[in-house]
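Questions regarding the structure given below will be posed in turn.
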Amino acid sequence: MASPTQAVPGYYVWETPESRVIVHLSLDVVDRLSAEVMRGFGAVRKRGAEMGGLLLGRIEVGAPTVVRIDGYESVPCEYRLGPSYQFTEEDSAVFEAAFERHRPIGYFRSHTREALALAPEDVEILEHFFRDPAHVTLLIKPYASTASTAGIFVREGGRFPEVSPLEFPFRRNELTGEAPPARRPLVERRPRVDREAAGEPREQSWRAEATPVPAREAAAAFVQPPSFIPLSWGSAVWITLMCFLLLGGFLGFEVARSTPAAARPSFYALTLRVAKTGDNLSVTWNGQSPMVLAARSGLL
């Protein structure tokens, strides 16, 4: 249903014929809060995690009373009772501290349950914290493939109704037909100045405007490699060790080649010696001989 009240620039106007309270909901709040609700909705499979907090703005008492929602403050929940926005004692203390700090005009919660209606825990929060007759509640029901649906609740006869009398799509273009404001680019382009038309030399104008971007710098570095390659400490150590190993191998080869063949020990040389001492024979051999080291057994 569309609101019967005339449009207010930058706001969605929520009003019912029976209500004495008209709510002006900032479209900027719709954009930001919708994105945050969808993040929580996608955090848990199937149902999604609910989130909630405080509505900020001002109340203009009159006939009718106008409640302007210009901001919000999310209040965290530890979800010890599941994905629903339900409080433990610790959560209640955090919510109360946030309430005292901001003095809000209402309460909001995303709703991933069956019907878009206040739950008993919502009513408990409202009766404890939001006692002003002009305080309002906003419930937002997210969907995966279409716009979220929202409902605003105001007191009727001193109590909040279980179901909102007027639900509406919680998306800017569904409410007003306009797209959300474009995000600012990460890198803003500077306007090009025609310095040549202003009387400056052409070369000077080009130098003033030519600002290399990272992609061009990378391409230039690829085409013209630097004259040296910086090495880390670990790379330098490894290269030094490899040089020493190559040098040692070369020197060992030269020494072996220059040693006469007769001086080099044979693989089969055991250096076996026998010495007689009285009635005993003392037999010795080279225990480090390649033949001894490679043998599995021996017989004397």
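Could you grab me the full set of residues in the stretch 114-130 that are under 31 Å from the mean Cα position of the chain (by Cα) and under 19 Å from Ser74 (Cβ atoms)?
Pass one, the stretch 114-130, residues under 31 Å from the mean Cα position of the chain (by Cα): 114, 116, 122.
Within the stretch 114-130, Asp122 is the sole residue that qualifies.
Based on this model, can you work out whether Ala147 counts as in contact with a Pro (Cβ under 7 Å, 6 or more places away or on another chain) and more than 21 Å from Leu54 (Cα to Cα)? Spell out how you get there, then give the answer.
On the way: in contact with a Pro (Cβ under 7 Å, 6 or more places away or on another chain): yes; more than 21 Å from Leu54 (Cα to Cα): yes.
When the stated conditions are applied, Ala147 passes them.
Okay, next question. Against the definition (in contact with a Gly (Cβ under 8 Å, 6 or more places away or on another chain), in contact (Cβ under 8 Å) with a residue 24 or more places away in the chain and either in a strand (DSSP E or B) or under 29 Å from Glu114 (Cβ atoms) (or both)), how does Ile22 come out, yes or no? Give the derivation first.
Numbers: in contact with a Gly (Cβ under 8 Å, 6 or more places away or on another chain): no; in contact (Cβ under 8 Å) with a residue 24 or more places away in the chain: yes; either in a strand (DSSP E or B) or under 29 Å from Glu114 (Cβ atoms) (or both): yes.
Considered against the rule, which asks whether it is in contact with a Gly (Cβ under 8 Å, 6 or more places away or on another chain), in contact (Cβ under 8 Å) with a residue 24 or more places away in the chain and either in a strand (DSSP E or B) or under 29 Å from Glu114 (Cβ atoms) (or both), Ile22 comes out as no.
Just to be sure before I move on: is Ala147 within 22 Å of Val13 (Cα to Cα), in contact with an Asp or Glu (Cβ under 6 Å, 6 or more places away or on another chain) and touching a residue at least 24 places away in the same chain (Cβ under 8 Å) in the structure I sent? Let's see the steps before the verdict.
On the way: within 22 Å of Val13 (Cα to Cα): yes; in contact with an Asp or Glu (Cβ under 6 Å, 6 or more places away or on another chain): yes; touching a residue at least 24 places away in the same chain (Cβ under 8 Å): yes.
For Ala147, the condition - within 22 Å of Val13 (Cα to Cα), in contact with an Asp or Glu (Cβ under 6 Å, 6 or more places away or on another chain) and touching a residue at least 24 places away in the same chain (Cβ under 8 Å) - is met.
Now for a separate question. Listed residues Ala150, Ala119, Ala134, Ala144; which is of a type in the set (A, V, I, L, M, F, W, C) and surrounded by fewer than 16 Cβ atoms within 10 Å (Cβ to Cβ)?
Working: Ala150 fails: surrounded by fewer than 16 Cβ atoms within 10 Å (Cβ to Cβ); Ala119 fails: surrounded by fewer than 16 Cβ atoms within 10 Å (Cβ to Cβ); Ala134 fails: surrounded by fewer than 16 Cβ atoms within 10 Å (Cβ to Cβ).
Selected residue: Ala144, the only one of Ala150, Ala119, Ala134, Ala144 that is of a type in the set (A, V, I, L, M, F, W, C) and surrounded by fewer than 16 Cβ atoms within 10 Å (Cβ to Cβ).
With respect to Arg58, is the statement that it is of a type in the set (D, E, K, R), crowded, with 16+ Cβ neighbours inside 10 Å and either modelled with pLDDT of 90 or more or in a strand (DSSP E or B) (or both) true? Spell out how you get there, then give the answer.
On the way: of a type in the set (D, E, K, R): yes; crowded, with 16+ Cβ neighbours inside 10 Å: no; either modelled with pLDDT of 90 or more or in a strand (DSSP E or B) (or both): yes.
No, not satisfied.
Which ones in the stretch 253-288 are modelled with pLDDT under 75 and either touching a Phe, Trp or Tyr at 6+ places or on another chain (Cβ under 8 Å) or not in a loop (DSSP other than H, G, I, E, B) (or both)?
Step one: filter the stretch 253-288 for residues modelled with pLDDT under 75, giving 253-270, 277-279, 288.
Phe253, Glu254, Val255, Ala256, Arg257, Ser258, Leu270, Thr277 - these are the residues of the stretch 253-288 that are modelled with pLDDT under 75 and either touching a Phe, Trp or Tyr at 6+ places or on another chain (Cβ under 8 Å) or not in a loop (DSSP other than H, G, I, E, B) (or both).
Right, next: Could you check the stretch 114-132 and list, in sequence order, the residues that are in contact (Cβ under 8 Å) with a residue 40 or more places away in the chain and either outside the structural domain of Glu36 (by TED's automatic domain parsing) or not aliphatic (A, V, I, L, M) (or both)? Spell out the reasoning first.
Initially, the stretch 114-132 is screened for residues in contact (Cβ under 8 Å) with a residue 40 or more places away in the chain, giving 115-118, 132.
Of everything in the stretch 114-132, just one residue is in contact (Cβ under 8 Å) with a residue 40 or more places away in the chain and either outside the structural domain of Glu36 (by TED's automatic domain parsing) or not aliphatic (A, V, I, L, M) (or both), namely Asp132.
I need the full set of residues from the stretch 131-157 which are β-branched (Val, Ile, Thr), within 31 Å of the chain's Cα centre (by Cα) and part of a strand (DSSP E or B), in order please.
From the stretch 131-157, those β-branched (Val, Ile, Thr) are 136-137, 140, 146, 149, 152, 154; that's our starting set.
Applying the additional criterion that residues be within 31 Å of the chain's Cα centre (by Cα) yields 137, 140, 146, 149.
Passing the criteria: Thr137, Ile140, Thr149.
Further question on the same structure: Hey, could you check the stretch 61-103 for residues that are without any contact (Cβ under 8 Å) to a residue 12 or more places away in the chain and not in a loop (DSSP other than H, G, I, E, B) and say which is farthest from Ala134 (Cα to Cα)?
Initially, the stretch 61-103 is screened for residues without any contact (Cβ under 8 Å) to a residue 12 or more places away in the chain, giving 62, 80-82, 88-89, 92-93, 97, 100-101, 103.
Then drop every residue that is not not in a loop (DSSP other than H, G, I, E, B), which leaves 89, 92-93, 97, 100-101.
Details: Glu89: 27, Ser92: 23, Ala93: 24, Ala97: 21, Glu100: 18, Arg101: 19 Å.
The residue in question is Glu89.
Has the stretch 37-55 got at least one residue that is under 25 Å from Ala134 (Cβ atoms), assigned by TED's automatic domain parsing to the domain that holds Phe168 and assigned to a helix (DSSP H, G or I)?
yes
The values are calculated or read from the model by the stated rules, or taken from the named source; none is laboratory data. Fair warning: this is a prediction, and the values are worked out from it, not measured in the lab. All Cβ positions, glycine included, derive from the backbone under ideal geometry; neighbour counts span all protein chains shown.
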